[in-house]
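Only one structure is covered here, and it is reproduced in the block below.
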Amino acid sequence: MTTRPSSVADAFERRADRAAALAPDSPAARAPLDFAAGLYREQSVVAAALERAHAARPLSGRLEADLGAFAGWLGGVLRFAAERGPEGLRERARARAGEDPEAWLAPFWRDAGSARDDYLSRAILRPYAEVLAAASVRPDRAARAGGCPFCRGAPWMAHRRILGDADGGQRFLDCALCGGEWPVTRILCPACAEADPHKLPAFQSERYPAVRIEACATCRGYVKSIDLSVDARAIPEVDDLLSLSMDLWAADEGYTRIEPGLAGI
């Protein structure tokens, strides 16, 4: 039985521990796993600060009103990204270190469709979105088609797991922003809502039996899916990093991931 994290900060630490545990035995993925572990630990610090702030004065879900509660804790994430991130991310983090955080976080928060182009804002705001979700405080964000029903974030992963006596696994989409999940039919493109099974090919590799590229011939988008019935210990967004070669293959085939994972692809 999996133990549920007692707080949002603990949930980030659990992800960090999974990434750190996988890294030594995964030479090809060690760098992104090490980066993920460090990023999660910095996000855990921000989440803990937000949980304390919410206990003292409930958050509103409006970024402009709530930013003061955690702006002072964002330096750790920025410094980590500037020192340990991929080259492009390092440059962006250094440039933003001296800027007013509201100036670049607010546009991302207002436009739920801008997430793909702003990895850093997503990483910075994820603890905030997760604390809001844990507190059932609805974020003040515009809706997006196919997005998370809670925070409007984009799905960056899918996973499948067996529920009770159901025949086959239920498919869920995983939100890149608030960390939530929502059920979705097995035959549906999350990006364009294509539902013709002949236009929704799935690709697998013998090297990664639990992983599947769920693509769409209509919009040429895809989401990567992990079958938790193969390994219940997996945390989809972390274990995703083990099979980055499948993302590179999908890109070569002309598909674009709906929302980049932790490695930025």
Problem set entry | Exclusive hit being touching a residue at least 24 places away in the same chain (Cβ under 8 Å) and either aliphatic (A, V, I, L, M) or within 20 Å of D247 (Cβ to Cβ) (or both), set C216, C178 | C216
For this session: Mind listing whichever residues of segment 11-28 are surrounded by fewer than 15 Cβ atoms within 10 Å (Cβ to Cβ) and of a type outside the set (G, A, S)?
Result: P24, D25, P27
Exercise. Would you say R94 is among the basic types (K, R) and closer than 23 Å to L50 by Cα?
Worked result: no
Problem set entry | Single residue of segment 202-231 satisfying the filter (assigned to a loop (DSSP other than H, G, I, E, B) and in contact with a helix residue (DSSP H, G or I) (Cβ under 7 Å, 6 or more places away or on another chain)) that is least open to solvent (accessible area, probe 1.4 Å) | C216
Problem set entry | Within segment 232-262, tally of residues that are open to solvent by 40 Å² or more (accessible area, probe 1.4 Å) and in contact with a strand residue (DSSP E or B) (Cβ under 6 Å, 6 or more places away or on another chain) | 1
Exercise. Out of curiosity, is A154 open to solvent by less than 60 Å² (accessible area, probe 1.4 Å), under 12 Å from the mean Cα position of the chain (by Cα) and within 27 Å of R84 (Cα to Cα)?
Worked result: yes
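Would you point out the residue of segment 111-151, among those that are among the polar types (S, T, N, Q) and open to solvent by 10 Å² or more (accessible area, probe 1.4 Å), that is modelled with the highest pLDDT? Full working, then the answer.
So the first thing to find is which residues in segment 111-151 are among the polar types (S, T, N, Q), and the list is 114, 121, 136.
After this cut, where a residue has to be open to solvent by 10 Å² or more (accessible area, probe 1.4 Å) as well, the list is 114, 136.
Working: S114: 59, S136: 97.
Step by step, filter segment 111-151, then rank; the result is S136.
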Seminar exercise, completed: The condition from (1) open to solvent by 40 Å² or more (accessible area, probe 1.4 Å); (2) over 13 Å from the mean Cα position of the chain (by Cα) that E181 misses is numbered (2)
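Rundown of residues vs (1) open to solvent by 60 Å² or more (accessible area, probe 1.4 Å); (2) in contact with a strand residue (DSSP E or B) (Cβ under 8 Å, 6 or more places away or on another chain); (3) free of Cβ contacts under 8 Å to residues at least 60 places away in the same chain, yes/no style:
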{"position": "R30", "(1), (2), (3)": "yes, no, yes"}
{"position": "G38", "(1), (2), (3)": "no, no, yes"}
{"position": "V46", "(1), (2), (3)": "no, no, no"}
{"position": "S60", "(1), (2), (3)": "no, no, no"}
{"position": "L67", "(1), (2), (3)": "no, no, yes"}
{"position": "R79", "(1), (2), (3)": "yes, no, yes"}
{"position": "R90", "(1), (2), (3)": "yes, no, yes"}
{"position": "R96", "(1), (2), (3)": "no, no, yes"}
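The values are calculated or read from the model by the stated rules, or taken from the named source; none is laboratory data. As the structure is a prediction and not an experimental result, all values here were calculated from the model. Methodologically, a virtual Cβ is constructed for each residue, glycine included, from the backbone with ideal geometry; neighbour enumeration extends over all protein chains shown. Note: areas computed on protein heavy atoms with side chains; ligands, DNA, RNA excluded. Shrake-Rupley method; radii C 1.70, N 1.55, O 1.52, S 1.80 Å.
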